[in-house]
Each structure stands twice: as structure tokens, then as C-alpha cells.
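Below is one structure; the comments refer to it alone.
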Amino acid sequence: SAVISQKPSRDICQRGTSLTIQCQVDSQVTMMFWYRQQPGQSLTLIATANQGSEATYESGFVIDKFPISRPNLTFSTLTVSNMSPEDSSIYLCSVVGQGARETQYFGPGTRLLVL
Amino acid sequence: KQEVTQIPAALSVPEGENLVLNCSFTDSAIYNLQWFRQDPGKGLTSLLLIQSSQREQTSGRLNASLDKSSGRSTLYIAASQPGDSATYLCAVKGINNAGNMLTFGGGTRLMVKP
């Protein structure tokens, strides 16, 4: 299994500012994923982050709004830029485990409130 | 485009009852299906993963089945306990998805009353 930690666990931010969320994994993984869970909703994939290449964004998400870094095989950051109240969500980092079963593991999430 | 639906959206049962949560998906070309548990304000805990070639997986009081041809999965919880109260999410990984994307259902919010 993979153990994932995220920082910060929660934050309250002002409109127009930016927040960078960190994700650390206890083992080397090829692909890391960033998801968003808006209040009362299920999870939506924002982007896939591969080490050494540009992140791949899903429809409706753009790099200028959600820049991602992936400097090595155990770490990634997601920045939520120029925030508005609509960005209030839980942001979750996820990785695919090693081995044939490919269980997907999730971090504890970062709960963001934008005022 | 894959769509995943979970029924019911919410469920309240007395402690000790056996219960079934349902998940359906529209595209049967899946790699696997995974069931997660989410406690309020928390991340996701993986419960069971079923590969497309498998029919069911068991872990303790949990049993998940998969009927790929009909696009359905069920999560069976035996002898429910108050500690089982949480939101249960199913997610499918489609063969046609690039990048191993999981498509999630809306979840079933379960409350087990003492």
C-alpha cells in the first residue's frame, strides 16, 4: 500500500489569492493524480501529474488556474490560483499502487474555504 | 463517456442489519472497479478492488460483486455496526481512459443507528 500525506490539511483563504497544496508519498510512483470534491459532490479528476513531463488536464481545468509541479517520483504540488468562493472544495492527491491489483490510494485531502 | 450511478443516495439502518449498496456503470469496457469509504471531511479509504476478470472480492464483513456485462456492482455489508457509518463510493477505471482515470459515482451515505 501507499501512504500519502498532504499539507495543509485545511485553510481559509481570501478571494484573489493563491494556495499551494503539497502531496508526499512514501514510495516512488509514476503517476500522481489531483482530484477535487466540491461540497456535497463526488470526486472529479483535475489532472494527472507524471514526473518529467507536463501535467495532463481534464476538460474544464486549465494550467493557468491549477498549475502542477512534479519534481520527483514521491512529491507533487497543486496550486489553486486567483481563488474565488467557487474553489471551496476538498482537494485530494492520489496514486496508483504497485503490483498487478493497481489499487488506487488517496491522501487525507486539503479542505479549502475561500471567502 | 462513462457514467457511474449509486443507489440509494442515502440509507439509514439499525445496527446488526445486513445491507446492499448498488453501483451501475454505462460502459462495460472497464479495467477494474473499486469501492471506497469516506468519513466526513476526510480522504478516501480503499475497501475492495475487483478486476474485470473477477466476480467478487471479500474482506471481513464486506463482499463486493461485479457483473461487467450488465454494468453492475454491489457492496454487501454484513452485520452492520455504527462504525460503518460513512459515505461509500464506487469508482471504475475504464479501458478507454487515458492516464488511468477513475470515474466516481455520487456515493451512498450510510448511517447505522445503535
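Annotations
- Odd one out for B:LYS113, checked against (1) within 13 Å of another protein chain (Cβ to nearest Cβ); (2) in contact with a Pro (Cβ under 7 Å, 6 or more places away or on another chain): (1)
- Among the residues making up the range B:81-114, those that are over 16 Å from the mean Cα position of the chain (by Cα), surrounded by fewer than 16 Cβ atoms within 10 Å (Cβ to Cβ) and aliphatic (A, V, I, L, M) are B:ILE95, B:ALA98.
- Filter result for B:LYS93 (touching a Leu at 6+ places or on another chain (Cβ under 9 Å) and within 14 Å of another protein chain (Cβ to nearest Cβ)): yes
- Test result for A:THR56, in contact with a strand residue (DSSP E or B) (Cβ under 9 Å, 6 or more places away or on another chain), farther than 22 Å from B:LEU49 by Cβ and not small (Gly, Ala, Ser): yes
- Residue match in the range B:55-67 (condition: over 27 Å from A:THR110 (Cα atoms), within 11 Å of chain A (Cβ to nearest Cβ) and not charged (D, E, K, R)): yes
- Identification of strands (runs of 3 or more DSSP E) wholly contained in the range A:51-109 with 2 or more residues that are among the hydrophobic types (A, V, I, L, M, F, W, C) and within 15 Å of A:GLN6 (Cβ to Cβ) yields A:75-80, A:89-96.
- Against the conditions (1) within 23 Å of A:VAL95 (Cα to Cα); (2) surrounded by fewer than 17 Cβ atoms within 10 Å (Cβ to Cβ), B:ALA78 satisfies every one except (1).
- Test: residue in the range A:96-107 that is within 14 Å of chain B (Cβ to nearest Cβ) and of a type in the set (A, V, I, L, M): yes
- Candidates A:ASP87, A:ASP64: the one that is more than 24 Å from B:GLY41 (Cα to Cα), of a type outside the set (S, T, N, Q) and modelled with pLDDT of 95 or more is A:ASP64.
- Answer residue from the range A:1-43, given it is exposed (fewer than 12 other Cβ atoms within 10 Å of the Cβ) and of a type in the set (A, V, I, L, M, F, W, C) and is modelled with the highest pLDDT among those: A:ILE12
The values are calculated or read from the model by the stated rules, or taken from the named source; none is laboratory data. Model, not experiment: these values are computed from the prediction. Please note: Cβ atoms are built from the backbone with ideal geometry, for glycine as well, and neighbour counts cover all protein chains shown.
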